[in-house]
Every structure is written in structure tokens, then in C-alpha cells.
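Readers should treat all values here as calculations from the given coordinates under stated rules, not as data from a laboratory. As the structure is a computational prediction, the values presented were derived from the model and not from experiment. Quick reminder, even Gly has a Cβ in these numbers, built from the backbone with ideal geometry, and neighbours come from all protein chains shown.
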Ligand code: THU
């Protein structure tokens, strides 16, 4: 599915989202670029809140933007993040975002690209990061 050029486009797109990240409390900026199976890239940034718990992660912003437009099938997401937007380390998705991915993505196919730069990235499947995850399949009638 994702070739090197596509991966680098996703990384560049995720990095561009850091400019929109709203983080007056943690100053930890996260950007995401979600590749839908139809080829569209949905972007996301984290959006914090003075009451803290309403904070939305970059990954969920991107997924909810897509789902709210009727798109529910995805191939990959790139996530970048760091304090003040400096990409010192990889920024893996939090547990809540992994669970939201479980809802819409194939665990053994969906790729999670963690990047520190265009040439510096790691790729995991959702299953790698969420082994034995609970998803829609667990609620299917037998
Ligand atoms: N954050 C994300 O945007 N994605 C994650 O998966 C981990 C955490 C954000 C939430 C909060 O604005 C900041 O990073 C620090 O937790």
C-alpha cells in the first residue's frame, strides 16, 4: 500500500499540522495525517482545553474529521509530536486513540507511522501497538 513517497508525503503533512496544534497547557504539539483508502489525506492536530479532559488528540481529530464526512476506511496514519513542536522522539498514539483506531481500522493492516523527520520513521501495524485489542468484531452475534 504505502510506498516511500507516500510515507514521506504523510510525514510532511503531519509536520505541517504542528502549526495548528492548540497547546497552551502542555506545549506538547502533535500533528497527524490519516490516509483514507480512497486516497484522501485527513489532517489533525491536538486541541487542548482549560478543563483538561475535553482535550482531543491529533489522531482522533483526523479520524473524526474523516468519519464526519462519511469516510471510514483507512490505510495508514502518520503521527509526529514533541514539546514546543520539536520532534526529539517518536510520539506514539495514546491508548484512547488506539481504541478509536480499533473501531475503523484493520488491526493487521492499518499502518501507524511514527516520525521524527522525513527520513527518520518507524512503521507499526495497529495490531503491534494494540495486541488482543477489543473491537467491533467482539460484539458480533454468533
Ligand atoms: N496527544 C496527542 O495529540 N496524541 C497522542 O496520542 C498523545 C497525546 C496530545 C494530547 C495533549 O494535548 C498533549 O499531547 C500532551 O498529552
Worksheet item: For the stretch 91-126 and the stretch 5-68, what is the separation of their C-alpha centers, rounded to whole Å?
Response: 13 Å
Response to the item:
When 68, 21 are arranged by how many other beta-carbons sit within 10 Å of their Cβ, fewest first, they go 68, 21
Worksheet item: Where does each of 60, 98, 72 land when they are ranked from fewest to most other beta-carbon atoms within 10 angstrom?
Response: 72, 98, 60
Worksheet item: Taking neighbour counts of Cβ atoms within 10 Å as a proxy for exposure, in what order, fewest first, do 77, 41, 123 appear?
Response: 123, 41, 77
Practice prompt. Rank 69, 48, 88 by mean-square fluctuation in a GNM of the chain with C-alpha springs under 10 angstrom and give only the top-ranked residue.
Written response: 69
Response to the item:
Out of 76, 51, 66, a Gaussian network model of the chain with alpha-carbon springs under 10 Å gives the largest mean-square fluctuation to 51
Response to the item:
Cα-based Rg and Dmax for the chain, in Å, come out at 14.5, 49
Discussion item. Using Cα springs under 10 Å in a Gaussian network model of the chain, which residue among 80, 30, 96 shows the largest mean-square fluctuation?
Written reply: 96
Worksheet item: On full extension of the chain, what length is gained from residue 96 through residue 50, given 0.36 nm per residue of separation minus the C-alpha to C-alpha distance?
Response: 14.6 nm
